[in-house]
Amino acid sequence: MIRTNLLEASEAKKVIAEKGVFSVVEYERDLSVEPEMAEIAYYASLMDVRKRQVVSRIREDRGVIVQKGRMQLMMGDLNATTDISGVGDFMKKLVGSKVTGESAVKPLYTGDGTLVLEPTFRYILLEDLADWGGNLVIEDGMFLACEDSVDLHISARSTVSSAVLGGEGLFNTRLSGEGVVALESPVPRSELIEIRLEEDVVKIDGNMAIAWTDDLSFTVERTTPTLVGSMAAGEGLVNVYRGTGTVLVAPVQNNRGTPSPSNKK
């Protein structure tokens, strides 16, 4: 039997989110910093710059797929394999890794125990695919972990021109099926703009969408019917999402791709 205080609230940490097999532990204060770094750490915590850590309670009937190299601790009878089903699957995922920046091989943890991932200064989003109609597309580099009932594959843009002009890239990671996924976001969930569409349209000036329902149609269009009008308005081209689904938008474009501070353990 293993007992741990990992999920118990303390002066330094607390559980801030739970969904599916995942829990998110946030360290309120870094109590182990060097004296000369104490002032920086204090003001960083006031700005919500804190370490966060994903903990997964794995059961016999539900394993977890994790981004390569992110495991910190395994407690209990857990086994690590890969999510590769054969040579063909490996080649497909290898090609996908080249175009999205994700690792080709992701470890699959099964058994009965607790898996702890390395801490990160990014914000953790726990998303249930049921809230996304079973299909979620995410920006490159956001995937952290998911339940093994979720399928990961590559989603290609319908047209090359829309990808190039929209700045979103030709390929993105697509999560489908049922289950919960853990994503790393450059901004907190409370700061993201969530837009729910029902046979409607949203136009975004820039590639600020970080996640969206795969059923939505994506195009790049002028803000006005004519090129001269668009130039006069000073807006030019916009990214357009049409249909029924959900879009998560970062409040400003500079938030996307903001490098995380170096992890301190």
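Taken together, the values in this text are just the output of simple stated rules run on the coordinates, not laboratory data. Note that the structure is a prediction, hence the values are computed from the model and not measured. Reconstructed Cβ throughout: ideal geometry from the backbone, glycine too, with neighbour counts over all protein chains shown.
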Practice item. Rank-order 175-188, 9-22 by packing density, defined as the average count of other C-beta atoms within 10 Å over each peptide's residues, highest first. Key: 175-188, 9-22
Review point. What aspartates and glutamates sit close enough to K13 to cross-link, taking a C-alpha to C-alpha distance under 18 Å and skipping anything fewer than 8 places away on the same chain?
Key: E26, E28, D30, D48, E118
**Study point:** Highest to lowest packing among 192-200, 59-67, scored as the average C-beta count within 10 Å
**Key:** 59-67, 192-200
Check your understanding: Of K51/K203; K19/K68; K14/K203, which sit over 32 Å apart, Cα to Cα?
Key -> K51/K203; K14/K203
Check your understanding: Long-range amide H contacts for Q72: which residues qualify at under 5 Å (H placed 1.01 Å from N, peptide plane, sequence gap of 5 or more or a different chain)?
Key -> V116, L117, E118
